[in-house]
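Read through the structure below, which is laid out as structure tokens, and then see the notes.
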Amino acid sequence: MKPKNIKIIILLLISLFYVQPIFAASLSERLSGKILLQVQSKGQAWYVNPTDQKRYSLGKPSEAFILMCGLGIGITNVNLAKIPIGIINNSGVTDDDGDGLSNNLETALGTNSNKADSDNDGYNDLVELNNNYNPTGSGRLTLDNNFIRQNLGKIFLQTEKHGEAWYINPTDQKKYFLGRPDDAFVIMKNLSLGITDEDLSQITIGQLTTTVQPPIQPIDDSNIMEQAAANIRNNNATEVKKLFSPNLEKMIDYILNYLDADGRLTLANTISGSSLTSSTANQKIYSNDVYFSLGGYKIPVKYYVEKQSDGTWLMTNL
């Protein structure tokens, strides 16, 4: 063999030896966006956030709901329609027209919950969705494979509806309606992937820390945080909305409609227990930590209260 050929072969072998590890994805990268079920620890569920590739405990239904809202990304109806839907049967939901789609799901989709065949084309809504046809009109759904691949594993919140949440499952590349906290928990359990404690330990827990600052004296006598917490505990959507910016009305409806009493209490206590950590003439920031009992970690939350043009103060996030 010619010396030149020997050199080429040696260089190829060296390149294979050194280049391969560069492209070897870590476990967190391979499991990015997936829901993991810890098979050796009483079935504890975790969500690997695609943004930071860290794992977050789903915990109890109310904890899963808080996590869902916190990590959710807003999406328009047009973009959401580019992703095919996945259906998981749940006998515990209300389905007035008996088409296999819950009333809540039909509200999110824009189909008629009192009519199994919303567009009167001879096929019920579930059959059309399972075959990627439009249940509210003619023709097939316009799907976008590039858009789907770019958003695998993410949690979306419908900005043009009531903030309904959807999970894009990386395995089958379909969107799943998360519904109420209990429904979301059931779906996440069904779509989970089993993992051992040893493998799970390779994925960093999404523990976020904040610097504790001494309380700051409020710049006025506003007790908006306590008012918001009290009305959330009482499930009084009308009064809650008066304390938040108008663009959050749909999200407030969604949260109060689907949170049970325990979930509302958790949210209200998080708000009322927040401390003022920043204050200017036009904005206050209140901070707190949400403790996830099963995960054993805290996630910091911040609530922004901003002064309006008429001099009133409104909360601008939830």
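In sequence order, region 247-252 has phi-based couplings of 5, 9, 4, 5, 5, 5 Hz under the Karplus curve 6.51 cos²θ - 1.76 cosθ + 1.60, θ = phi - 60°, and Gly or Pro positions carry x. Exposure proxy ranking for ILE85, ILE73, based on other Cβ atoms within 10 angstrom of each Cβ and starting from the fewest, stands as ILE73, ILE85.
With R₀ fixed at 45 Å, the C-beta to C-beta distance from ILE205 to ASN114 puts the FRET efficiency at about 0.50. Can you tell me which aspartates and glutamates have their Cα less than 19 Å from the Cα of LYS307? Leave out same-chain residues fewer than eight positions away. Cross-link targets: ASP220, ASP221, GLU226, GLU239, GLU249.
Among ASP119, ASP144, ASP99, ASP172, a tally of other beta-carbon atoms within 10 Å of each Cβ gives an order, fewest to most, of ASP172, ASP144, ASP119, ASP99.
For ASN77 and ASN269, a Förster radius of 30 Å and the Cβ-Cβ distance give a FRET efficiency of 0.35, rounded to the nearest 0.05. Working from label points 7 Å from Cα in the Cα-to-Cβ sense, the THR142 to TYR123 distance is 1.9 nm.
Close amide-amide hydrogen proximity is noted between LYS34 and VAL48, each under 5 Å apart and 5 or more residues distant or on a separate chain (H modeled in the peptide plane; Pro and chain starts excluded). Pairs from the table (LYS82/LYS242; LYS34/LYS115; LYS154/LYS284; LYS154/LYS174; LYS54/LYS154) lying more than 23 angstrom apart at Cα are LYS82/LYS242; LYS34/LYS115; LYS154/LYS284. Counting neighbouring beta carbons within 10 Å and listing from fewest to most, the residues TRP166, TRP46, TRP313 come out as TRP313, TRP166, TRP46. If R0 equals 35 Å, the separation of the Cβ atoms of SER26 and THR280 corresponds to a calculated FRET efficiency of about 0.25.
Quick note: the coordinates plus some simple rules give every number you see, no bench work behind them. Small disclaimer: the values here were computed from a predicted structure and weren't measured. All Cβ positions, glycine included, derive from the backbone under ideal geometry; neighbour counts span all protein chains shown.
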